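The values are calculated or read from the model by the stated rules, or taken from the named source; none is laboratory data. The structure displayed is predicted, hence computed values, not measured ones. Backbone-built Cβ (ideal geometry, glycine too); neighbour counts: all protein chains shown.
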Amino acid sequence: MWQALKNKNFSIFVLSQTVSQFGDKLNYIALIGIIGLYPGSVSFLLSQLIIAITLPVIIFGPIAGVLIDRWNKKKVMVICDALRMLCAIMIPIVFISTHSIYPVFAVVFFMFLLTLFFNTARNSIIPNLVPKDGILKANSLVNFVGRGATFLGMLIGGLIVDWHMWYKLIGLAGWTVAFILDAVTFGASAFMLYLVKVKLTKPPKREKHLEARGVFLLVRKGLLGIWHDLKHALQMIPKKKDLGFAMSSIVLMIIGTCVIYVLVIPTIQQDMGWGTSGVGILASAGAIGLLAGAFLIGVMGHRFDLKDLMLFCFILIGGGLVLFPFITHHLMFAGIIFVAGLAISPIFIGQDTLIHRSADELVRGRMFSIRDWIYHCLIAVGSLFIGSLTTFVRKDAIFIVSGISLVVLAIVGWLVLARGKSR
């Protein structure tokens, strides 16, 4: 797995993503810190935060993939990171000026619109940096160092946000300091990406409606062209089994993700009284699991069928959700989160690798944007649904039913795959 770092440009790319993902998690913890200022409405505001994060993908996701396939992916990443740096600076300014969380959600919306384009370009460019037979190891390495950054971002972010000495030392709240550091990481990532040298296949000649000066033509003609490109990508999914499986697995991901976002975070922050630092510390346990999972699949992933491995990991996550309500000891709770993280990494890496192997370069951006669009649409609906359920259903029951559902669906998927192999 580590041999990929001998490639200078790929190593710079990996370092930039490590810094950028550290900033992402720092940003997320800082947002949780702001929401923690409204103790009576944490679950409700977290649901709205998820909407602000997912709405850009729901609205612009498919279009983003079409455009990324036609633009220079490296330039897109550099520009997006530079603009995300400005957004990170704007969030504390907007909140302090308005004393309201909702203008912050507006900035978050724009910030994650940029993240949409950044992530689509990032996922699409990896096969251009490594040989084809090294894609699985490259994805594992990117996820491994990214999970390390997640661990540090969650752990350090929680400590930064809850450290009350900031105000005495520099007159700023902890969450403000976190956003400033977040801006620095995005700036550093943009600079490193600028240094990366990558050979990209020249896309087809751009239509006038996709040029900056053709905004009115975009409205008049461009949407039909974008729909044609998107339709072409959608038609490929059922024709290639690996693409179909990668997209179908998103449904299983949603069950665990929504429960974690809407129920686990407020349970730790409010019910257990651990505050934002508690969220950061326990999230870091999950990040260590993510780190270990990425390392293991990078070293041994080639020995297993990726689809079988992903389904097995879904079963582990479902079992963790079932056990969650019965845990009373802090170390056991951290252990469950670690195992969940350990199981999540192979799922993400497996999805990325299946798409990289099945989609050529000129359609790859569309595939990742479709994947992200489906994911965020479902997570928005699922989060609102679970958030509404908490008003009249006990949290413990939601954990148990969600876990059992995830296990059953994974077993059904495994049986379907086994039947297909026997044929």
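Are there any pairs with C-beta distances below 7 angstrom linking a residue in region 166-190 that is among the hydrophobic types (A, V, I, L, M, F, W, C) to a residue that is modelled with pLDDT under 85 and not in a helix (DSSP H, G or I), with the two at least 6 apart or on different chains, and if so which? Filtered contacts from region 166-190: Trp166/Leu172; Trp166/Ala173.
Exactly one residue out of Ile63, Ile135, Ile126 is farther than 30 Å from His302 by Cα and assigned to a helix (DSSP H, G or I): that is Ile63.
When the residues of region 300-334 are filtered to those that are modelled with pLDDT of 75 or more and of a type in the set (Val, Ile, Thr), the one that is nearest to Ile398 (Cα to Cα) is Val322.
Looking only at region 320-329, decide whether some residue is of a type in the set (Ser, Thr, Tyr) and outside any helix (DSSP H, G or I).
Looking through region 320-329, at least one residue is of a type in the set (Ser, Thr, Tyr) and outside any helix (DSSP H, G or I).
Give the residue that is surrounded by the most Cβ atoms within 10 Å (Cβ to Cβ), with candidates limited to residues of region 371-422 that are hydroxyl-bearing (Ser, Thr, Tyr) and at pLDDT below 80. Walk me through how you get there before you give the answer.
Looking only at region 371-422, we keep the residues that are hydroxyl-bearing (Ser, Thr, Tyr), and these are 375, 383, 388, 390-391, 402, 405, 422.
Now drop any that are not at pLDDT below 80, which leaves 375, 383, 388, 390-391, 422.
On the way: Tyr375: 20, Ser383: 24, Ser388: 12, Thr390: 16, Thr391: 8, Ser422: 6.
This residue is Ser383.
Table: residues versus (1) over 19 Å from the mean Cα position of the chain (by Cα); (2) without any contact (Cβ under 8 Å) to a residue 24 or more places away in the chain.
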residue: Met332; (1), (2): yes, yes
residue: Ile336; (1), (2): yes, yes
residue: Pro346; (1), (2): no, no
residue: Val363; (1), (2): yes, no
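Is one or more of the residues making up region 139-152 over 17 Å from the mean Cα position of the chain (by Cα), surrounded by fewer than 19 Cβ atoms within 10 Å (Cβ to Cβ) and either modelled with pLDDT of 75 or more or at negative phi (or both)?
Here is the first cut: in region 139-152, the ones over 17 Å from the mean Cα position of the chain (by Cα) are none.
Within region 139-152, none of the residues are over 17 Å from the mean Cα position of the chain (by Cα), surrounded by fewer than 19 Cβ atoms within 10 Å (Cβ to Cβ) and either modelled with pLDDT of 75 or more or at negative phi (or both).
Does Val94 qualify as being in contact with a Pro (Cβ under 6 Å, 6 or more places away or on another chain) and within 21 Å of Tyr38 (Cβ to Cβ)? Criteria met by Val94.
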